[in-house]
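The values are calculated or read from the model by the stated rules, or taken from the named source; none is laboratory data. What you see is a predicted model, and the numbers here were worked out from it, not measured in a lab. Here the Cβ is made from the backbone with ideal geometry for all residues, glycine too, and neighbour counts use every protein chain on show.
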Amino acid sequence: MKGDGFHLKKVSSALGGTIGKFKTMEGQVSMAAIVGGTASKLGGGKFANGAVSGAFVHMYNAAGHGAKRQYNREKIDFFEYERKWWSDFFNATDDFISNYTDMRTANTIGADKYFHCTANCQATNRGDGGWNAARFISETRELTDYHIKGDPLNACNEDRVANIQGQRGGECRGTCNGFRPLYLDEQW
């Protein structure tokens, strides 16, 4: 069946309609990963590759639609909004890189959830683009950890709790304090 585009298109169309039935982004991304993985496997490829591609495409499209909804709701200059949205999105990646580096430097057992939360919080505080980047980066990481690295689902779900807490934004130290181990150095 490898390369049989007709059948792959039918499978994607048949299963793809189920994605929108999920109310949460996590459910939609998970279903998009299943659809992408199934289509890839039926086409002779690897399930994991199709799953990651399906998840990425869904989150990218969701992020773009979020920008359009925000623009329509506030009636602001579209080009200025788009420029700021993408600037926030890409600058938020620096928040994740910085927190990952800090986590590695801290080298403290049990601190990973605190850094997950803090990266999401800092990214969210940048604005709509940062919030979408936080959702995109965090969920992509959890899907990769589960489907490719083989991490247990409960570990990924515990990370998701910290990610969602951070995505509330606000003063990050206070927002993420519940995930901070007592023995983590005060510089963080």
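Data overview
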quantity	calculated
Of residues in segment 86-101 being surrounded by fewer than 17 Cβ atoms within 10 Å (Cβ to Cβ) and not hydroxyl-bearing (Ser, Thr, Tyr), the one modelled with the lowest pLDDT	Trp86
Residue in segment 148-158 that is of a type in the set (D, E, K, R) and in contact with a Phe, Trp or Tyr (Cβ under 7 Å, 6 or more places away or on another chain) present	no
Filtered residues of segment 72-85 (kept if in contact with a helix residue (DSSP H, G or I) (Cβ under 6 Å, 6 or more places away or on another chain), at pLDDT 75 or above and more than 18 Å from Gly169 (Cα to Cα))	Tyr81
Filter result for Thr101 (without any contact (Cβ under 8 Å) to a residue 12 or more places away in the chain and not assigned by TED's automatic domain parsing to the domain that holds Val35)	yes
Top-ranked residue in segment 124-155 [being among the aliphatic types (A, V, I, L, M) and more than 21 Å from Val57 (Cα to Cα); ranked as surrounded by the most Cβ atoms within 10 Å (Cβ to Cβ)]	Ala155
Within segment 43-71, considering residues that are among the polar types (S, T, N, Q), modelled with pLDDT of 65 or more and farther than 12 Å from Leu143 by Cβ, the one surrounded by the most Cβ atoms within 10 Å (Cβ to Cβ)	Asn49
Selection from segment 132-167 of residues that are assigned to a loop (DSSP other than H, G, I, E, B) and within 13 Å of His116 (Cα to Cα)	Gln167
